[in-house]
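These notes concern the structure reproduced below.
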Amino acid sequence: MSPDHLLQTNPRSTPPLAGAFHPVRVVAVTGGKGGVGKTNLSVNLAVSLAEMGKRTLLMDADLGLANVDVLLGLSPKFTLADLVAGRCGLEDVLVEGPDGLLIVPASSGFRHMAELQPAEHVGLVNVFSELQRALDVMVVDTAAGITDSVLTFCQAAQDTVVVVCDEPASITDAYALIKVLSRERGVDRVHVVANMVRDPNEGRRLYEKLARVCERFLGDVALHYLGAVPQDDWLRRAVQRQQAVVKAYPGSPSARAIGEIARMTARWQPPSGARGNVEFFVERMIGARGVAA
Ligand SMILES: Nc1ncnc2c1ncn2[C@@H]1O[C@H](COP(=O)(O)OP(=O)(O)O)[C@@H](O)[C@H]1O
Ligand SMILES: [Mg+2]
């Protein structure tokens, strides 16, 4: 397969405005363990941010078990895999969700980031740079596990949100992930969201449990508590309906909690410096891989 197509600009896409600069805040949602609610948080956070008027891109970076599109009831014609294989351009991959939210769907079977060739890296940077003028926030939904690809997405993002729930494996997996992120990837700040909590205090208790171990064994990483999302049947119902709970049942406990998390996220300062765009994110992603290899 030739990666040459990635080096050409898609003629159907609008060229970036000359000199335009719009820093984009990249937030990676991760957690170590599967089934803790990463995808639901990513989708609902992105939908809430878009609803608040933030120009938001949601990237499905669960390259093995992509399901952002399923949760939003979308049927993408193309995915990242097609982009890399040269079957389409970036504009063809983008799907529009509620309130103008842009989605980059993935697909099962997409080759691992680590397998991409250097020329394909350059190509990805080129295609993503076309987006730099139109975004405020990019939310990246990562896969479970502590794979090179997950670590790379987190390292390249400005903020990492670790989702935990009240299961021993969730806390130990989150700790293992934070340890590798801090020791091997230089990540020194992590936000924590407790999901599926059964009472208002459970979230903070979980956070404190994780923070205590991190403080004891990983002195140089700062944990911040971002909030808790209750265990909520409305969320499950929204999943069945293939809609974001914040849209389908905006008054439900989980929707309100995620709305609050989105408002806090929206107040984070935009990244400073002239290199806070999506192109930079992809460059960082590739640079991170180079260092880790
Ligand atoms: N706050 C919640 N309340 C009830 N069920 C939830 C909640 N969060 C997640 N779930 C359930 O857990 C399942 C897995 O969530 P998902 O976001 O796909 O996890 P992950 O991406 O971490 O694997 C969802 O399909 C949903 O049914
Ligand atoms: Mg997921």
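The values are calculated or read from the model by the stated rules, or taken from the named source; none is laboratory data. What you see is a predicted model, and the numbers here were worked out from it, not measured in a lab. Ideal geometry is used to build each Cβ from the backbone, glycine not excepted, and the neighbour counts take in all protein chains shown. Just the protein is used for accessible areas: all its heavy atoms, side chains included, with ligands, DNA and RNA removed. Shrake-Rupley method; radii C 1.70, N 1.55, O 1.52, S 1.80 Å.
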message: Suppose we keep only residues that are in contact with a helix residue (DSSP H, G or I) (Cβ under 8 Å, 6 or more places away or on another chain) and of a type in the set (S, T, N, Q) within region 143-181. Which one would you say is modelled with the lowest pLDDT?
response: S149
task: Output the qualifying pairs, or none if there are none: Cβ atoms under 9 angstrom, residues six or more apart or on different chains, first residue in region 80-106 and over 29 Å from P250 (Cα atoms) and free of Cβ contacts under 8 Å to residues at least 60 places away in the same chain, second residue in a strand (DSSP E or B) and of a type in the set (D, E).
output: L80/D60
message: Just to verify a result, which residue in region 138-169, among those that are open to solvent by less than 10 Å² (accessible area, probe 1.4 Å) and acidic (D, E), is farthest from ligand 1 (Cβ to nearest atom)?
response: D159
- prompt: Name the residues in region 170-225 that are surrounded by 16 or more Cβ atoms within 10 Å (Cβ to Cβ), farther than 23 Å from L45 by Cα and among the polar types (S, T, N, Q), would you?
  reply: S182
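Out of region 46-65, which residues are open to solvent by less than 10 Å² (accessible area, probe 1.4 Å) and assigned to a helix (DSSP H, G or I)? Explain how you work it out, then say what you get.
In the first step, residues of region 46-65 are kept if they are open to solvent by less than 10 Å² (accessible area, probe 1.4 Å); the result is 46-50, 56-61.
A46, V47, S48, L49, A50 - these are the residues of region 46-65 that are open to solvent by less than 10 Å² (accessible area, probe 1.4 Å) and assigned to a helix (DSSP H, G or I).
Looking at this structure, is V221 touching a residue at least 40 places away in the same chain (Cβ under 8 Å) and either in contact with a strand residue (DSSP E or B) (Cβ under 9 Å, 6 or more places away or on another chain) or not hydroxyl-bearing (S, T, Y) (or both)? Step through it out loud before you land on a result.
Numbers: touching a residue at least 40 places away in the same chain (Cβ under 8 Å): yes; either in contact with a strand residue (DSSP E or B) (Cβ under 9 Å, 6 or more places away or on another chain) or not hydroxyl-bearing (S, T, Y) (or both): yes.
Taking the combined requirement at face value, the residue satisfies it.
Check R216, R204, R236, R256 and return the single one that is out of contact with any Lys or Arg (no Cβ under 6 Å at 6 or more places or on another chain) and near ligand 1 (Cβ under 10 Å from one of its atoms). Quick ask: steps written out before the conclusion?
Values: R216 fails: near ligand 1 (Cβ under 10 Å from one of its atoms); R204 fails: near ligand 1 (Cβ under 10 Å from one of its atoms); R256 fails: near ligand 1 (Cβ under 10 Å from one of its atoms).
The conditions single out R236.
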- prompt: In region 82-96, what count of residues is obtained for those that are open to solvent by 20 Å² or more (accessible area, probe 1.4 Å) and within 17 Å of V140 (Cβ to Cβ)?
  reply: 2
